[in-house]
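The values are calculated or read from the model by the stated rules, or taken from the named source; none is laboratory data. Note that the coordinates shown come from a computational prediction; the quantities given were computed from them, not determined experimentally. No Cβ is skipped: glycine too gets one built from the backbone with ideal geometry, and neighbour counts run over all protein chains shown.
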Amino acid sequence: MNNAMRSEPLNSELLQSGPLKSEAVGHEPDRCADTRRAWRWLAMGTAISAIVLHLVFLLSRSPQWRSLDPYLLKVWYQATPPAFSAFLYGLSRIVTVVVLWPLLGFTSWIFWRKNRWYDALGLLCAITLPAVIALAAKQLYHVPRPQVMWATGGNWSHAYPSGHVALIMTLGGMTAYLGRREGKSVAWTIVVALLTFVGTLLMGYGRVALGAHFFTDILGGLTLGIIWLPVSITITNALRAASLKSSTQTPITDPNKVL
C-alpha cells in the first residue's frame, strides 16, 4: 500500500517529464536548421555579389560604357543647379562613417535590449556586409575616381562600386520591412519604400553630378543593394524563427528526479 502511494508521484512526474523532454529535444533540430539557413544565405549573398559585381565591371570596360561614363558625368553636372548640388551633397553625408555607423550602432543596441537580437543582426548584416564587399571590390578593381574640377569629396578610395547607393537602399528597405512586420500600416510602409526608392535614385544621380563616381560605379552599388536587401531580410527571418523556437522551448526536467 505504502509502495503504491510512493510510486504514484513518481509516475505522475514521469508522465509530465516525458512529453516535455521530447518537445524540448524536438525544437533543437529546427533551431539548428534555421541557423544553418541563415549561414547559407550569408554565403550565397557573398558569392552572388562577387559574381555580379565582376560581370558589371566587365560590362563597364566595354567601349560603349567607357564613352557613356564621361558623357553622363558632364551632362548631369551641367544640368544640376548649385542649390540642388548642395542638397545632393547633404544627402550623401548621411551615408558616412560619422553619421551612419553611430546611428546603426544605437539602433542595434535598442533592438538587443528589447531581446530582438535577430533584428539587430539583420540590420548589421544589411549595412555592414555590402559596405565590406564594396571596400573589397574597390581594392580589387582599382577603378579611379573621376578627375574633374568639380569633384566634391569622397576621393580617399577607389570608385567601383558605389557604397553610398548600396547602403541607402538596404537601410531604407530594412526600415520598411521591420516597420511593417512590427505592425506599421500599409500606408507607412509604402511611404518608406517610396522614400527609399527616390533616395536611392537621388543618391546615384548626386554621386555622378558631384564628380565622385561614374555611372557604372552606381550600377555596381545598385547590384549590391538589390542582392543584399532580400538576403538580409531572409537572414533576419531565419534568425527570428530560431529565436522564437528557443523562447517557446519547454525546459527539460532533470532525469535524475525520475530515475
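Summary of values
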| item | result |
| --- | --- |
| Test result for residue 180, in contact with a helix residue (DSSP H, G or I) (Cβ under 7 Å, 6 or more places away or on another chain) and surrounded by fewer than 17 Cβ atoms within 10 Å (Cβ to Cβ) | yes |
| Condition met for residue 131 (hydrophobic (A, V, I, L, M, F, W, C) and touching a Lys or Arg at 6+ places or on another chain (Cβ under 8 Å)) | no |
| Total residues in the range 201-243, condition among the β-branched types (Val, Ile, Thr) and without any contact (Cβ under 8 Å) to a residue 12 or more places away in the chain | 0 |
| Pairs, first surrounded by 14 or more Cβ atoms within 10 Å (Cβ to Cβ) in the range 44-60, second hydroxyl-bearing (Ser, Thr, Tyr), C-beta under 6 Å, six or more apart | 52/223; 56/223; 57/141; 60/216 |
| Residue within the range 52-61 that is closer than 21 Å to residue 128 by Cβ, modelled with pLDDT of 90 or more and either in a helix (DSSP H, G or I) or hydrophobic (A, V, I, L, M, F, W, C) (or both) present | yes |
| Residue list for the range 75-125, restricted to those being in a helix (DSSP H, G or I), loosely packed, with under 15 Cβ neighbours inside 10 Å and modelled with pLDDT of 90 or more | 75, 78, 82, 83, 84, 86, 87 |
| Any hit, the range 62-74, residues being under 17 Å from residue 168 (Cα atoms) and among the aliphatic types (A, V, I, L, M) | no |
| Residues of the range 233-248 classified as at pLDDT below 85 and either part of a helix (DSSP H, G or I) or crowded, with 17+ Cβ neighbours inside 10 Å (or both), total | 5 |
| Counted residues, the range 62-74 - those being assigned to a helix (DSSP H, G or I) and loosely packed, with under 12 Cβ neighbours inside 10 Å | 4 |
| Long-range neighbours under 9 Å by Cβ, at least six apart or interchain, first residue under 18 Å from residue 236 (Cα atoms) within the range 177-189, second among the acidic types (Asp, Glu) | 178/119; 181/119; 182/119 |
| Residues of the range 131-173 that turn out to be assigned to a loop (DSSP other than H, G, I, E, B) and either surrounded by 23 or more Cβ atoms within 10 Å (Cβ to Cβ) or not hydroxyl-bearing (Ser, Thr, Tyr) (or both), as a count | 19 |
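Table: residues versus (1) of a type in the set (Asp, Glu); (2) out of contact with any Ser or Thr (no Cβ under 9 Å at 6 or more places or on another chain); (3) farther than 20 Å from residue 226 by Cα.
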residue: 107; (1), (2), (3): no, yes, yes
residue: 116; (1), (2), (3): no, no, yes
residue: 128; (1), (2), (3): no, yes, no
residue: 136; (1), (2), (3): no, yes, no
residue: 148; (1), (2), (3): no, yes, yes
residue: 152; (1), (2), (3): no, no, yes
